[in-house]
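Before any comments, here is the structure.
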Amino acid sequence: MDKMDKKEGGAKRRYDWLPVEMPVVARLVREKRAQHGDAHVNECWRRGVLQLEPGWFFAREGPLCVGTPWDTPAMANFAALSVTSTQALLVMRDPGGNDGAH
């Protein structure tokens, strides 16, 4: 993630592999940045990926995933079923409090 929250020392380097290994997710994150802004996406990444808080950021592409799934049965079932190499999923909290899982 090219504009990740830099306060988390080393976080950028730990996820440099993501655009190569999860190109569709990387594209979806860029689209969310354009739609909601860097600050919001950075907060979702920090809380869902680095701090492992459910309800902020979860992405899956093929067998790889980053973030923390929402704590709902529907999300768990959907994430478990999306395992082919051509499928990608990005769920991120919407600005304004909507948790994005609906």
Highest average packing first - 42-52, 20-30, Cβ atoms within 10 Å:
42-52, 20-30
Go through the range 56-66 residue by residue and turn each phi into a ³J(HN,Hα) via Karplus (6.51, -1.76, 1.60, θ = phi - 60°); whole Hz please, and just put x for glycine and proline.
10, 7, 8, 9, 9, 9, x, x, 9, 9, 9
Over its alpha-carbon atoms, the range 11-92 yields an Rg and a Dmax in Å of 12.0, 33
Return the long-range amide H neighbours of residue 72 (sequence gap of 5 or more, or a different chain), with a cut-off of under 5 Å between placed amide H atoms.
none
At 0.36 nm per residue, and after removing the present C-alpha to C-alpha distance, how many nm does the segment from residue 34 to residue 14 gain when stretched out fully?
4.9 nm
Interchain or long-range residues, amide H under 5 Å from residue 53's placed H:
48
Of 62, 44, 90, which is farthest along the charge dipole of the range 11-92 in the positive direction, counting Lys and Arg as +1 and Asp and Glu as -1 at C-beta?
44
Search the structure for amide H atoms under 5 Å from the amide H of residue 62, placed 1.01 Å from N in the peptide plane, and list their residues when 5 or more places away or on another chain.
87
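Every number here is computed from the coordinates shown, using simple stated rules; none is lab data. Quick caveat: nothing in here was measured; it's all calculated off a predicted structure. Glycine gets a Cβ as well: all are built from the backbone with ideal geometry, and neighbour counts include every protein chain shown.
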